[in-house]
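Dropping the structure in here first, questions after.
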Amino acid sequence: MTDTRRLWSEAVNRLEPYVPGEQPKAQKLIKLNTNENAFPPSPAVHRALTAAEVDRLRLYPDPNSQKLVNTLADYYCLTPDQVFVGNGSDEVLAHAFYAFFQQAQPLLFPDVSYSFYPVYCNLYDIRFQKVPLREDFSLVVDDYLQPNGGIIFPNPNAPTGMAIPLADIRRLLIANRDSVVLIDEAYVDFGAESAVSLINEFDNLLVVQTTSKSRSLAGLRLGYALGSAGLIEALGRVKNSFNSYPVDHLAEVAAVAAFNDDDYFQNACTQVIATRAYTVAELKALGFDLLPSQANFVFAKPQGQSAKAVFDALRERSIIVRYFDKPRIGDYLRISIGAQSDMEALIAALKDIAPH
Ligand code: PMP
């Protein structure tokens, strides 16, 4: 084999790829490493994916994804020109970075936060500055004053799971009217306050959400941005320069069905939140240090054992969680909230692993 890296452009040589959590093939694993939903998608999604819709794959999809855009606009009480859809929120975020964050001042985001943000910055040559979280891992909006740059953070934050209230986001928006403030709400449906209600008040606010977590559709790759018509128009320009079809036809059909079954969604979120409460109580009883989570995962540090040792011991018992070792904060486990039975198996395994 010859080394074809000599054929790569310099820009590709400089890229540091993002490494997603592993997706092992074995069926018997308890998979608590990538914050997927333990519940299947709504039955309405099964019903919507008919043979006729599959046959329609012969044609290109609607270049405006109009049914989906209209459905999301109705759902969030916005107008269709305030909605942008794409292939997972990762893609929507990539377009937003390109559209908004090459500014006079560096982009600000928290240290610790979603590890894809520096990857997009490197891809598009965007200067950035990481703002340390406070000692207790809280995110304080006064640390984010950036009159003509950009600001992004997840709310709840990842991987801490901690959320900030809407009043803080409002303060941030007032202080930064000439910067795009992007709130990444991948996990917002598990108990945090969404900033969508502020969109008509602040034309510099962009909210990005996904169907991957709370709507059990990670495999569909469907994310969306909500914001002022001007910001959405910019995203459309970027998207069109890559690919003139925002999402594929089956993704559109499935996502419309999912948003039209709100009862199923509400019920699944309620159950995830109840299972999180069970998990938190049990982990605390086992002596874990936990951050207060409003997401579908918890960020936890075992006592008396290293997080790496617990991670390895869980793996031997076919339970996969995510191991983090970060410079400023040390090593932690991020544990997704799975089905109640998964979490009971996790707690039983941790009791077994605990030093006696
Ligand atoms: N934002 C955050 C904070 C995330 O943790 C994730 C999931 N890894 C995403 C965005 C991307 O989600 P998706 O591309 O599946 O919509």
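Just the residues that are within 12 Å of the ligand (Cβ to nearest atom), over 15 Å from G223 (Cβ atoms) and among the aliphatic types (A, V, I, L, M), please, taken from segment 95-118.
Answer for segment 95-118, where residues must be within 12 Å of the ligand (Cβ to nearest atom), over 15 Å from G223 (Cβ atoms) and among the aliphatic types (A, V, I, L, M): just V112.
Residues of segment 151-173 being under 11 Å from E185 (Cα atoms) and of a type outside the set (G, A, S), which ones?
I152, F153, P154, N155, P156, N157
Moving on. Return the residue satisfying two criteria in turn: it lies in segment 301-337 and is touching a Gly at 6+ places or on another chain (Cβ under 8 Å) and open to solvent by 60 Å² or more (accessible area, probe 1.4 Å), and of such residues it is farthest from K284 (Cα to Cα).
Here the answer is G304.
Would you say G219 is within 15 Å of the ligand (Cβ to nearest atom), within 19 Å of the chain's Cα centre (by Cα) and surrounded by fewer than 16 Cβ atoms within 10 Å (Cβ to Cβ)?
When the stated conditions are applied, G219 passes them.
Condition first: within 22 Å of Q209 (Cα to Cα) and open to solvent by 40 Å² or more (accessible area, probe 1.4 Å). Now tell me which residues in segment 103-122 satisfy that.
Result: D111, Y114, S115.
Output the residues belonging to segment 17-42 that are open to solvent by 60 Å² or more (accessible area, probe 1.4 Å) and either more than 21 Å from R334 (Cβ to Cβ) or among the aliphatic types (A, V, I, L, M) (or both).
Once the filter is applied, which keeps residues that are open to solvent by 60 Å² or more (accessible area, probe 1.4 Å) and either more than 21 Å from R334 (Cβ to Cβ) or among the aliphatic types (A, V, I, L, M) (or both), segment 17-42 yields V19, K25, A26, Q27, K28, P40.
Scan segment 166-205 residue by residue and report those that are open to solvent by 10 Å² or more (accessible area, probe 1.4 Å) and either over 20 Å from L108 (Cα atoms) or within 16 Å of the ligand (Cβ to nearest atom) (or both).
A186, Y187, D189, G191, A192, E193, S194, V196, S197, N200, E201
Here is a follow-up. Report every pair of residues separated by at least 6 positions or lying on different chains whose Cβ atoms are under 8 Å apart, first residue within segment 22-39 and free of Cβ contacts under 8 Å to residues at least 60 places away in the same chain and closer than 19 Å to F324 by Cα, second of a type in the set (S, T, N, Q) and within 16 Å of the ligand (Cβ to nearest atom).
Listed by first residue and then by second, the contacts come to Q23/T34.
Every residue, every condition in (1) crowded, with 23+ Cβ neighbours inside 10 Å; (2) of a type in the set (K, R); (3) assigned to a loop (DSSP other than H, G, I, E, B), yes or no:
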residue	(1), (2), (3)
N157	yes, no, yes
I164	no, no, yes
V207	yes, no, no
A234	no, no, no
N240	no, no, no
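Here is a check on your reading of the model: is G161 among the small types (G, A, S), at pLDDT 95 or above, farther than 30 Å from L333 by Cβ and touching a Ser or Thr at 6+ places or on another chain (Cβ under 7 Å)?
no
Related question: Exactly one of (1) closer than 18 Å to A258 by Cα; (2) in contact with a Gly (Cβ under 8 Å, 6 or more places away or on another chain); (3) among the charged types (D, E, K, R) is unmet by R47. Its number?
(2)
Among the candidates L139, L133, which residue alone is under 18 Å from the mean Cα position of the chain (by Cα) and in contact (Cβ under 8 Å) with a residue 24 or more places away in the chain?
Exactly one residue qualifies, and that residue is L139.
Follow-up question, since we're still on this one. Consider Y224 against the criteria (1) among the hydroxyl-bearing types (S, T, Y); (2) surrounded by fewer than 23 Cβ atoms within 10 Å (Cβ to Cβ); (3) under 28 Å from I337 (Cα atoms): it satisfies all of them except one. Which criterion is unmet?
Result: Y224 passes all but (2).
OK, next. Of all residues being basic (K, R) and assigned to a helix (DSSP H, G or I) in segment 169-198, which is farthest from I337 (Cα to Cα)? Just the residue, please.
R171
If you don't mind, another one. Of the residues S244, S212, which single one is open to solvent by less than 20 Å² (accessible area, probe 1.4 Å) and in contact (Cβ under 8 Å) with a residue 60 or more places away in the chain?
Selected residue: S212, the only one of S244, S212 that is open to solvent by less than 20 Å² (accessible area, probe 1.4 Å) and in contact (Cβ under 8 Å) with a residue 60 or more places away in the chain.
Just the residues that are of a type in the set (D, E, K, R) and free of Cβ contacts under 8 Å to residues at least 12 places away in the same chain, please, taken from segment 4-21.
R5, R6, E10
The values are calculated or read from the model by the stated rules, or taken from the named source; none is laboratory data. Please read all numbers here as calculations on a predicted model, not as lab measurements. Cβ coordinates were reconstructed from backbone atoms using ideal geometry, including for glycine residues, and neighbour counts include every protein chain displayed. Accessible surface is based on the protein model in full, side chains and every heavy atom, while ligands, DNA and RNA are left aside. Shrake-Rupley method; radii C 1.70, N 1.55, O 1.52, S 1.80 Å.
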